[in-house]
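Taking it in order: structure first as structure tokens, then the write-up.
The values are calculated or read from the model by the stated rules, or taken from the named source; none is laboratory data. Just so we're clear, the structure is a prediction, and the values are computed from it rather than from any experiment. Here Cβ is always computed from backbone atoms with ideal geometry, including for glycine, and neighbour counts include all displayed protein chains. Calculation scope for accessible area: heavy atoms of the full protein, side chains included, ligands and nucleic acids excluded. Shrake-Rupley method; radii C 1.70, N 1.55, O 1.52, S 1.80 Å.
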2 protein chains.
Amino acid sequence: LRVTMESLDYCDPGFTPLVVLELTSETKEEAIGWLLRRIRDLQQNGGAELLVEQLGPGVGAQEKENPNMFLVGASQQRLLSGAEDVGLFKECSDGSMRAFTCTNKHKFKDFKDSFLSMAECQYIIKHELDTLRARDETHVPGYTEVKLYPGKSIIRRLQSKGILIQLFPLHEKEELKRLSFSWYKKVKLSFQPLDDIRHYYGEGQAFYFGFLEYFTFALVPMALIGVPYYLFDWEGYDKYVVFAMFNLIWCTVILELWKRYSASLAYHWGTLSRKKAFEEPRPGFHGVLGFNPVTGREEPIYPNAKRQLRIYLVSVPFVLLCLYLSLYVMMIYFQMEAWALSVHDDEPTFWAGILIFIPSIIYAVVIEIMNLIYRYAAEFLTEWENHRLESSYQNHLVLKVLVFNFFNCFASLFYIAFVMQDMVLLRQSLATLLITSQILNQFMEACLPYWLQRRRNKKMINRVRKRRTLEDKELPLVEQVRLEADMSMYLGTFDDYLEQFLLFGYVSLFSCVYPLAAVLVVLNNFTEVYSDAFKMCRVFKRPFSDPAANIGVWQLAFEAMSVIAVVTNFALIGISPQVKAYFSDSETQLILWTVAIEHVLLAFKFLLAFLIPDIPKHIQIRLSRLEFESLEALKKKVEQSAENLTYFLK
Amino acid sequence: LRVTMESLDYCDPGFTPLVVLELTSETKEEAIGWLLRRIRDLQQNGGAELLVEQLGPGVGAQEKENPNMFLVGASQQRLLSGAEDVGLFKECSDGSMRAFTCTNKHKFKDFKDSFLSMAECQYIIKHELDTLRARDETHVPGYTEVKLYPGKSIIRRLQSKGILIQLFPLHEKEELKRLSFSWYKKVKLSFQPLDDIRHYYGEGQAFYFGFLEYFTFALVPMALIGVPYYLFDWEGYDKYVVFAMFNLIWCTVILELWKRYSASLAYHWGTLSRKKAFEEPRPGFHGVLGFNPVTGREEPIYPNAKRQLRIYLVSVPFVLLCLYLSLYVMMIYFQMEAWALSVHDDEPTFWAGILIFIPSIIYAVVIEIMNLIYRYAAEFLTEWENHRLESSYQNHLVLKVLVFNFFNCFASLFYIAFVMQDMVLLRQSLATLLITSQILNQFMEACLPYWLQRRRNKKMINRVRKRRTLEDKELPLVEQVRLEADMSMYLGTFDDYLEQFLLFGYVSLFSCVYPLAAVLVVLNNFTEVYSDAFKMCRVFKRPFSDPAANIGVWQLAFEAMSVIAVVTNFALIGISPQVKAYFSDSETQLILWTVAIEHVLLAFKFLLAFLIPDIPKHIQIRLSRLEFESLEALKKKVEQSAENLTYFLK
């Protein structure tokens, strides 16, 4: 029965293209033929059972156009069975979230044609392509050097050998227009349409925007309290301590509450209790062929001990060396600046006046270069560590980049604060850094790429116009696909989170010196939402949705920052002249008190984080109910199946 | 088929008594009859389907003997289906641990008569009795005031109303003899027979003894390093720091490694991934009748917010008040001692010499009284907080008692260390406290109860001998049961863990002042193993096994202690005269360095705890494999069942 239905579907003329697959223009014909055959083949023959069509030539077909672009789609039936494969959770008619199964499909809410969102369909197709495995092929036809072995993911191998250039999901213009309208096109005071964002871009993106919004609103109380501190110059030691204590408790509380909010988002988006399918090894992963101890499938095996050795003996020392270098460069900068100042003080000529700015400029340039080199080095090292999973690769990369960026951004501030103990300079540097980095960021992030993209778009549209006289600007599908293929690749939420992390650092680390920081960050984030949304909708290729259940390693990073903030704030309070004046008779007393209060607050912080449950009660109850039901069902199932058997045997 | 087999079993003459159930001697006949009927009734009629027999009168039957003692057992078949109910994990033929199911019983290793250990059988019977629920009874027959409602656990209600006095599992004399021989009867250098302990007493007990042994061995390196420090009086600031750093890293590492070791023990004992059945409300739990949101069963509901209010508004302030009182008493003690000393110094007469000891004696007595009162108060408060689950009740009780005991034990030492800054006195007090508490403990814990028990046993044996002339000391079953019913109840591992916790405190908090502490603790624990084992085997009633997967809240308590230890040790180093001499020119520098090193070490400690995975790799792989298999099975199951149906419909 099933076979007939699917073979009917197979010839379905209403083929909706979902994903674009681009091979190099020099790909050999036999390899293409083989790949398409394998993608179209029935699942029982080891194929992916997807629909795939070659993209026709564009209107202004030029010679440089790549002919090897393919559109991939699937029948409704295939998508549903794929949804079961990837373990998608959907809402049932009773409001609970359950793993979707084809047999129970009518129990799910709104089970009809648009049951699966386009992003989900694209994710399913990506998963099915990724798990399309070689059978008895020893190499890709036409390429004897591109080896295959039974069970190896074909797409990953083509990707790692550069035959497959890219694989990306298509935009849906109508939906995108609607989304962008409700998201950023109207100036409004309402919240972002998180559910729509998730619907169009998937959970990973939606979590970033959810976090951005949550974080911005959470900073509002800090900003409001910071304003009077700034305006009235409240600087007694008691006011300092009160402000610092409020900030610290607030930081802890908002991070804990975010966990709860994120858990309830993840529950409603069906990713909280979704069991991830076992991840394929990432494309670059290599090793001796062996058997995966979990799945029993043949795949490259790389000993964990070797990876640990590489991490601890090479990567960690390298990162430490880079941090040392960064500090060293900073010290040279401070020396140069002191020298330039002294020259200027000795002889305040015009050239000496210019000389003052030279160290800052050199330092800024050197820092940018170091950041760039370090980023490449970190990527190289993390690649060389040979992580099996993409997620583990990402985590190690994030950690490396995070630590270095933290140092580069904050080392000079720490130096000014604790070695030079110059609070006025600290406040100045902080304000300058915060404001310039915000302006630069928004420009580099959204305006520049948009402008480049716009130029490219115009060229394409003009080219199309030259041939046809289109009245509306609506592009035909072929052109649309080629246009999107030319768009820049969206590189994930990494840089966006990193920016928020550094902003959080400015707010939390030095909040008692510069209470206005929170205000600036809040203002920045209000525009950040718009520029990020704009970037997502207009500048980049659509990314594949990523079924995240939380913000991952960033939660940890923000929590670590809030611990460092406690220490820094109390050290700042300890060295502030107001507090020093209060404890003028005994410096020892001052330090002991500062340290004691800091310890108590740290303990309190950890206690608070421990006492606030990570998952809200009502979500917890629903999860337990699901677990209880599955346990009960298991008990019944055994009895039932025995009964059934008896019934049939009669 | 099933019914016939079980009705056969029911009349089985080879009934093995497993659990004893004692009702008050005044219980009304109709209540007894009803209870026995409900216990014996078939499961499909809502009974427990267990075997139960009244215990006959003893040989020396006296009037004061309680006639209402019942022996409970079960057929093999019933025990197996019960094992499935409680979600028991057993080893399969392929070496993996899986949840036992009757249908797959032949896949399990050594599936034969002794497949379930006696402890497991007893646990199953306890579970089945606990989940024996009222149907349409509105009250216990004969007791209109003992209300019931559909779904209420009958045994729990009888327990909370005092009609059921006790429910305890029987010892198995042969097995006990073998266990005690391999455990403590021979002096040996081998490890404890943890698997046998687990087999006889269950996982909770085995974890305690496993922890005791692990902890003792883990302290050996600290003890070995402590000896030269003690002998050669190494007291430079560098040596202090080295010793403290070793200790801190060691403490962190052993606690992390224990987690790994405990995970692999739990895996092999089948409790690591065992899903706990939903816990019944504890006997004392009360509330308005409602529906449990998870199970949908009718049961008392008590709003969580109300409980939180009771905890934060009453219990927490009460505990804080008690801590304050304890500090206050301590201060009075120090004042009294100072006064006594001054009196003695003024006039060193005989009476003044005696007066010196008075404050210590009074303080010791007051502390004991406070401990006792506090324990009652803590139990009362935790009861009053009305926790739904026994586990949650236990956790709150442990936390309350822990904090108070920590204060009582260590407050005076902290006072001596940091307020009086008298290192000689600190060392003396520490040694005295450690040695006397150890001796006292071992005496109170094992010797005294044993001596009392022995007297009781002798009386019983003599009485039996008077009637019959038994050649061997083997007692008949009836006497055995009555003897065990008279034994003291084993109150759980609480006090044993508490003792280890306090010992760990002595070692880790003040290790740099008194490096010999670890040696004393190691020596103590070598005998502790013997006395605890002896106590378990000879002094107390056999406890029901408790399927623990780790040492629970104690892991947290030990970890918290090791964090406090970092802070204390660095404070001790900071105030030590040797270090002060080194930084003689600037006290500020000294404190700043101490604090800085402390922060770095704390950060390192947390990093270490984060980097060491909690579950060993090979266990992790097995767990993932199980999960992967169940996912794959689920996929197949759907297809299979569809196929089956088609097959039968043909």
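Odds and ends about this structure:
- The strands (runs of 3 or more DSSP E) falling completely within region A:18-120 include none with 3 or more residues that are of a type in the set (Lys, Arg), open to solvent by 10 Å² or more (accessible area, probe 1.4 Å) and within 14 Å of chain B (Cβ to nearest Cβ).
- Verdict on B:Asp532 being more than 30 Å from B:Asn462 (Cβ to Cβ) and of a type in the set (D, E, K, R): no
- Selected residue (only one of B:Arg388, B:Arg454, B:Arg375 is open to solvent by 50 Å² or more (accessible area, probe 1.4 Å), among the basic types (Lys, Arg) and either touching a strand residue (DSSP E or B) at 6+ places or on another chain (Cβ under 8 Å) or at pLDDT below 80 (or both)): B:Arg454
- Residue within region B:517-536 that is surrounded by fewer than 20 Cβ atoms within 10 Å (Cβ to Cβ), in contact with a Gly (Cβ under 8 Å, 6 or more places away or on another chain) and closer than 29 Å to B:Met420 by Cβ present: yes
- Considering (1) under 28 Å from the mean Cα position of the chain (by Cα); (2) open to solvent by less than 20 Å² (accessible area, probe 1.4 Å), the lone condition that A:Leu399 does not fulfil carries the number (2).
- Candidates are the residues of region B:150-178 that are modelled with pLDDT of 85 or more and assigned to a loop (DSSP other than H, G, I, E, B); the one that is most open to solvent (accessible area, probe 1.4 Å) is B:Lys161.
- Matching residues, region B:265-307, being facing another protein chain (nearest Cβ under 10 Å), among the polar types (S, T, N, Q) and part of a loop (DSSP other than H, G, I, E, B): B:Asn292, B:Thr295
- Just so you know, in region B:179-213 the residues that are touching a residue at least 12 places away in the same chain (Cβ under 8 Å) and outside any helix (DSSP H, G or I) include one that is surrounded by the fewest Cβ atoms within 10 Å (Cβ to Cβ), and it is B:Phe191.
- Residue tally, condition more than 42 Å from the chain's Cα centre (by Cα) and free of Cβ contacts under 8 Å to residues at least 60 places away in the same chain, over region B:570-580: 1
- Screening B:Val567, B:Val600 for residues that are free of Cβ contacts under 8 Å to residues at least 24 places away in the same chain and more than 29 Å from B:Glu279 (Cβ to Cβ) leaves exactly one candidate, B:Val600.
- Count of region A:537-557 residues which are open to solvent by 40 Å² or more (accessible area, probe 1.4 Å) and either without any contact (Cβ under 8 Å) to a residue 40 or more places away in the chain or among the basic types (Lys, Arg) (or both): 2
Quick grid of which residues meet (1) within 17 Å of B:Leu509 (Cα to Cα); (2) within 31 Å of the chain's Cα centre (by Cα); (3) at pLDDT below 85:
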position	(1), (2), (3)
B:Leu224	no, yes, no
B:Tyr229	yes, no, yes
B:Tyr240	yes, no, yes
B:Phe243	yes, no, yes
B:Asn247	yes, yes, yes
B:Trp250	yes, yes, no
B:Glu256	no, yes, no
B:Arg260	no, yes, no
B:His268	no, yes, no
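- Taking first residues from region A:309-326 that are within 16 Å of A:Arg375 (Cα to Cα) and partners that are part of a helix (DSSP H, G or I) and of a type outside the set (Phe, Trp, Tyr), the Cβ contacts under 6 Å between residues at least 6 apart in sequence or on separate chains come to A:Ser315/A:Leu381; A:Val319/A:Lys400; A:Ser326/A:Asn408.
- Any hit, region B:300-314, residues being of a type in the set (Phe, Trp, Tyr), over 30 Å from B:Ala134 (Cβ atoms) and surrounded by 15 or more Cβ atoms within 10 Å (Cβ to Cβ): no
- Looking at A:Phe285, A:Phe291, just one residue is open to solvent by 60 Å² or more (accessible area, probe 1.4 Å), closer than 25 Å to A:Lys161 by Cα and outside the structural domain of A:Asp85 (by the TED database), and that residue is A:Phe291.
- Every residue from region A:214-243 that is over 21 Å from A:Leu601 (Cα atoms) and open to solvent by 20 Å² or more (accessible area, probe 1.4 Å): A:Tyr214, A:Phe217, A:Val220, A:Leu224, A:Val227, A:Pro228, A:Tyr229, A:Tyr230, A:Leu231, A:Phe232, A:Asp233, A:Trp234
- Residue in region B:369-391 that is charged (D, E, K, R) and over 27 Å from the mean Cα position of the chain (by Cα) present: no
- Residue within region B:558-576 that is open to solvent by 30 Å² or more (accessible area, probe 1.4 Å), away from every other protein chain (no Cβ under 11 Å), more than 26 Å from B:Ala263 (Cβ to Cβ) and not aromatic (Phe, Trp, Tyr) present: no
- Of the candidates B:Val464, B:Val419, the single residue that is modelled with pLDDT under 80, in the same structural domain as B:Leu502 (by the TED database) and in a helix (DSSP H, G or I) is B:Val464.
- Count of residues meeting criterion [open to solvent by 10 Å² or more (accessible area, probe 1.4 Å) and either of a type in the set (A, V, I, L, M) or within 35 Å of the chain's Cα centre (by Cα) (or both)] in region B:129-144: 5
- Scanning region A:578-612 for residues that are of a type outside the set (A, V, I, L, M, F, W, C) and either farther than 16 Å from A:Val566 by Cα or open to solvent by 30 Å² or more (accessible area, probe 1.4 Å) (or both) returns A:Gln578, A:Lys580, A:Tyr582, A:Ser584, A:Asp585, A:Ser586, A:Glu587, A:Thr588, A:Gln589, A:His599.
- Exactly one residue out of B:Leu611, B:Leu631, B:Leu649, B:Leu601 is modelled with pLDDT under 85 and more than 9 Å from chain A (Cβ to nearest Cβ), and it is B:Leu649.
- Residues in region A:60-100 that are among the charged types (D, E, K, R), under 16 Å from A:Leu129 (Cβ atoms) and within 26 Å of the chain's Cα centre (by Cα): A:Asp85 alone.
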